[in-house]
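The values are calculated or read from the model by the stated rules, or taken from the named source; none is laboratory data. Bear in mind that the values here come from a model prediction, so they are computed numbers and not experimental data. Cβ coordinates were reconstructed from backbone atoms using ideal geometry, including for glycine residues, and neighbour counts include every protein chain displayed.
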Amino acid sequence: MNKFTKITASIGPKCEDYDTLAQMVRAGMNVCRLNFSHDTGDVQGAKIDLIRRVASDLNTPVAVMIDLQGPKHRIGNFATEDKYPLTIGQKFTFDDDPTPGDATRVQLPDADVMKSLNPGDRILLNDGKIEMTVDTVADNKIVATVVRGDEIWSRRGFNLPDTDIATSVLTPKDRADLEYAITKNPDWVAISFVQRPEDVAEVRDFITARTSHPIKIIAKIERPNAVERIADIAAAADGIMVARGDLAVEVPFEQVPAISRHIIRTCRMLNRPVIMATQMLGTMVASEFPTRAEISDVANAAYLRTDSTMTSEETTIGVNPVNVIETMAKIVTYADYDAITHPSDWLRTENVPENDWSRSVASMAYLNHASAIVVFARDTDIATKISCRKPDIPIIAVCRDAVVANQLCLSRGVFPICDDALFGQRDGFNSARQFGISSGQLVIVDDEKISLRAMD
């Protein structure tokens, strides 16, 4: 069985050569993520060119996703290289004074953050190891009380789970990176630390003002206020990433699985693909084998009908990136197979009207024991909608546009074929045969016209 759950892999030093990328594609990688927090635009641009060459040589659609750094907030510098211990009950001050800090204060360089904080808001430092509560905000000075202590040192990142920060989602670095990336026509742009649907609109306006190329937007969900607004953010974006790293810092860690399920359910109803990210096979950075818990985590994502699982450091700096993709592919393929052979709620469509045509497609396929759904895809919309109904048979998307084929690489159960000749054969039979299907019923979808045809 072909895997239905897609794999998004982060590309870095250990896998940015032709042979390794080709092996990763053959092993099951569908989307290449380029983290613009690292490397300059021209270096990332060369990687995009290489990925395109590998995909062309293998005659396989592969999507390119650029991931912008976003407004990652950091404190200023301390007077020494020392680490300063902070103890419970201690008062600590953040101000706008660039003078190097000491055991009692440090600069908070971002004026927008200063203006956004209020008494009672939490400040988390060092990935949540330090927690403070704001006491007072006055005269560009914030006094806070330490409620969970640890060591602090220069340029540590911080999170503000209770605070809406009145700032642009695009930093000057992001604008420069995106300006360059647009010239390379990526398939997807992922934006970090989204707080509101207006953030997505800002990025979309930035892109459309510079290109007519149909770049799609992934909103990364990393903050509690984004979770609260998930329906509006998902409606504004083209897809969602559950970025569990920063999310697990800003919300109680025990809530992350429930939040993930909620996001997946919401995206399904809104016809948006969703990526599950962060530490899915984390031990494989240094090991050839995942832990049992990691295997279960990846499998559970597939059982939940997540569109794509994602690797981070496992493939960028790990000991064997190809093995990581092979391992993840084995896990999701078996989970997909098990979900199909032991079906439960695949056709559950809460909040989807009974007369919704995509629901009708899934129902027709299910009731007629169809072998596949063949979609003649002029764009991504129809195939994505059907994918979000989660039918447990292949959705063969016949495209004449390589961009459409690439972008559909992210949608669960969609197998894009870019072939102008096949696109012109409206019965779908040869498209199914190319995929290895030679008998049974086909559900044909052509401009929302639905028909059932037998291959026998």
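Things worth noting here:
- Looking only at segment 394-416, and only at residues there that are free of Cβ contacts under 8 Å to residues at least 60 places away in the same chain and surrounded by fewer than 21 Cβ atoms within 10 Å (Cβ to Cβ), the one that is farthest from residue 375 (Cα to Cα): 401
- Scanning segment 360-398 for residues that are farther than 22 Å from residue 269 by Cβ and of a type in the set (S, T, N, Q) yields 368, 371.
- Selection of segment 146-199 for residues being more than 19 Å from residue 245 (Cβ to Cβ), hydrophobic (A, V, I, L, M, F, W, C) and assigned to a loop (DSSP other than H, G, I, E, B) yields 153, 166, 170.
- Residue within segment 90-103 that is touching a Pro at 6+ places or on another chain (Cβ under 7 Å) and over 30 Å from residue 406 (Cβ atoms) present: no
- Helices (runs of 4 or more DSSP H) contained entirely in segment 200-274, each with at least 2 residues that are at pLDDT 95 or above and farther than 23 Å from residue 131 by Cα: 230-236, 256-269
- Pick from segment 85-106, criterion among the aliphatic types (A, V, I, L, M) and at pLDDT 95 or above, ranking: surrounded by the fewest Cβ atoms within 10 Å (Cβ to Cβ): 88
- Residue within segment 53-62 that is under 24 Å from residue 171 (Cα atoms), of a type in the set (D, E, K, R) and more than 18 Å from the chain's Cα centre (by Cα) present: no
- Set 144, 138: member being more than 30 Å from residue 410 (Cβ to Cβ) and buried (at least 16 other Cβ atoms within 10 Å of the Cβ): 144
- Verdict on residue 109 being modelled with pLDDT under 95, outside the structural domain of residue 416 (by TED's automatic domain parsing), surrounded by 15 or more Cβ atoms within 10 Å (Cβ to Cβ) and part of a loop (DSSP other than H, G, I, E, B): yes
- Scan segment 196-219 for residues that are over 11 Å from residue 238 (Cα atoms) and crowded, with 22+ Cβ neighbours inside 10 Å and the total you get is 2.
- Test: residue in segment 272-279 that is farther than 16 Å from residue 305 by Cα, under 17 Å from the mean Cα position of the chain (by Cα) and crowded, with 19+ Cβ neighbours inside 10 Å: yes
- Residue selected from segment 28-72 under the condition among the aliphatic types (A, V, I, L, M) and over 22 Å from residue 239 (Cβ atoms), by the criterion surrounded by the most Cβ atoms within 10 Å (Cβ to Cβ): 54
- Across segment 280-305, the number of residues qualifying as touching an Asp or Glu at 6+ places or on another chain (Cβ under 8 Å) and not in a helix (DSSP H, G or I) comes to 2.
- Residue check, residue 174 in contact (Cβ under 8 Å) with a residue 24 or more places away in the chain and either farther than 21 Å from residue 97 by Cα or of a type outside the set (S, T, N, Q) (or both): yes
- Scan segment 306-329 for residues that are assigned to a loop (DSSP other than H, G, I, E, B) and either without any contact (Cβ under 8 Å) to a residue 12 or more places away in the chain or among the aliphatic types (A, V, I, L, M) (or both) and the total you get is 2.
- Among the candidates 420, 381, residue that is of a type outside the set (A, V, I, L, M, F, W, C) and more than 24 Å from the chain's Cα centre (by Cα): 420
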